[in-house]
Amino acid sequence: MAELTFVGAAGTVTGSKHLLSLDGRRAFIDCGLFQGTRDIEALNHEPLPVTPEDLDAIALTHGHLDHVGYLPKIVRDGFRGPIYCTPATADVAAIVMEDAAGLQCHLQDRGFHRERCHGLAPFFTDADVKQALSQIKTVPVETDFSFCGATARYHGVGHIIGAAYLGVAFDGRKLIFSGDVGRYNTALLNDPTPLEGADTVVCEATYGDRQHPPDSPAMFEKALLDGIERGGPILIPSFAVERSQDILFSIGSLQRSNARIASVPVHLDSPMAIKVDAVFAHYGDAHKPLPGGADAPFGCRNLTVHVSSEESKAINEIRGPAIVIAASGMATGGRILHHLHRNLTNPRATVIFPGYLVHGTLGRIIADGVTPVRIFGDDLEVRATILHLSGFSAHAGQDELLRWLGTLQSKPASVYLVHAERTAANVFAEVLKGRLGFNAAVAQRGVTVQV
Ligand SMILES: [Zn+2]
């Protein structure tokens, strides 16, 4: 008998965790952290429907924090089984978890723990991260592996380096877990792999209610030129994984066609992004050929990389327009907080949010036009120009999700939508029923279904 219980990312965008029970053996597909509002982050402290010691295995779809960030906690609580993922995902997950552990300590040391983490005690330590990493077993894409008595296989799905959707074949039936679905025709990654048949599909629907703008390079070019005109820094809060590389690539393309943009210095202030660059270098078969060379990573020239915190602080001394890329993308932590703290009150400054912003995060609050905002204990009047461009999203838009699900060779018995705010999931369920004739439902947290 096979059952599926929705534990996380059911009615929320974060906290991805799906419990699969196969004849009494139990596994999580993804093991992510809830992020966002106080209520959503409090879900990280709710008991799981299975005790960690009784869990047999975990399979990860990719290395983002909302898919792997609960691993150190679950091993801390006693899980000792294998954690399966693709080789590149193992490297990304290590970078992401080590950063998350470091960030918790850093914020607590500075006395800002209550402010950013809603007063919750730190979740895990470096030692827990190490333990989680020691349980990882990598499996290349398109290779069968045994998973709780079932046969499982990863297939590339775009999104970020290493990301894969998971097919699980059990007792003559097939389940698919999409993880996060990437976009088509991107510069760095291959398109999502077409689907075969499936009886049950658990699919993300982050952008299930909307399309991405058709001409994002032109919008980004205008945002940069307007920012240069204002004369102050142009801050781009960016996820270190993938987004930073996409942005360097886009700036590189614009540098070749626009002398004004080419003349402005670019600063990558993210030691984590630099580690991710190394993952790209190491897994050449997990992405398209990279543009540029050592003097122009991802095709971007006029670039200075800031690793140490002294180098990061040197950015404060820069006068005139400069592009500063720093993590995190939703301004939930990382060096971007320091740059926002210094520049939000500056009318000459520009802030460009390049991707999805979860409800309740500082990024979303700023992008929604709230002022003042509180950073490091200071209430800051927002005078900088704030822009939110969704064109850099690593998630498929509605058409791209339909295109991918449309490759299914037969109609699945059920499609459950996860990883979306309720409105997006509800809209996409209707679209799937109307356009593809699928029996689509929005996954409900805590609900178990037969599969
Ligand atoms: Zn993701």
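The values are calculated or read from the model by the stated rules, or taken from the named source; none is laboratory data. Quantities reported herein were computed from a predicted structural model and do not represent experimental measurements. Cβ coordinates were reconstructed from backbone atoms using ideal geometry, including for glycine residues, and neighbour counts include every protein chain displayed.
Quick look at the values:
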read-out	value
Cβ pairs under 7 Å, 6+ apart, first in the stretch 159-172 and closer than 19 Å to residue 58 by Cβ, second away from the ligand (no atom under 12 Å from the Cβ) and of a type in the set (Ser, Thr, Tyr)	162/86; 164/86; 164/154; 166/154; 169/151
Those residues of the stretch 26-63 which are within 16 Å of the ligand (Cβ to nearest atom) and either in contact with a helix residue (DSSP H, G or I) (Cβ under 7 Å, 6 or more places away or on another chain) or polar (S, T, N, Q) (or both), in sequence order	30, 31, 32, 33, 34, 35, 60, 61, 62, 63
From 197, 179, residue being within 15 Å of the ligand (Cβ to nearest atom), outside any strand (DSSP E or B) and either crowded, with 16+ Cβ neighbours inside 10 Å or modelled with pLDDT under 95 (or both)	179
Lone qualifier among 172, 158, 167 - being within 14 Å of the ligand (Cβ to nearest atom) and either not aliphatic (A, V, I, L, M) or not assigned by TED's automatic domain parsing to the domain that holds residue 66 (or both)	158
Unique match (being on the phi > 0 side of the Ramachandran plot and exposed (fewer than 15 other Cβ atoms within 10 Å of the Cβ)) among 320, 299	320
Single residue of 442, 418, 449 found to be touching a residue at least 40 places away in the same chain (Cβ under 8 Å) and in contact with a helix residue (DSSP H, G or I) (Cβ under 7 Å, 6 or more places away or on another chain)	442
Given (1) within 16 Å of the ligand (Cβ to nearest atom); (2) surrounded by fewer than 24 Cβ atoms within 10 Å (Cβ to Cβ), number of the condition residue 149 does not satisfy	(1)
Helices (runs of 4 or more DSSP H) (entirely within the stretch 17-98) containing at least 3 residues that are surrounded by 19 or more Cβ atoms within 10 Å (Cβ to Cβ)	65-68, 71-76
Selection within the stretch 203-246 - touching a His at 6+ places or on another chain (Cβ under 7 Å), in a loop (DSSP other than H, G, I, E, B) and in the same structural domain as residue 316 (by TED's automatic domain parsing)	241
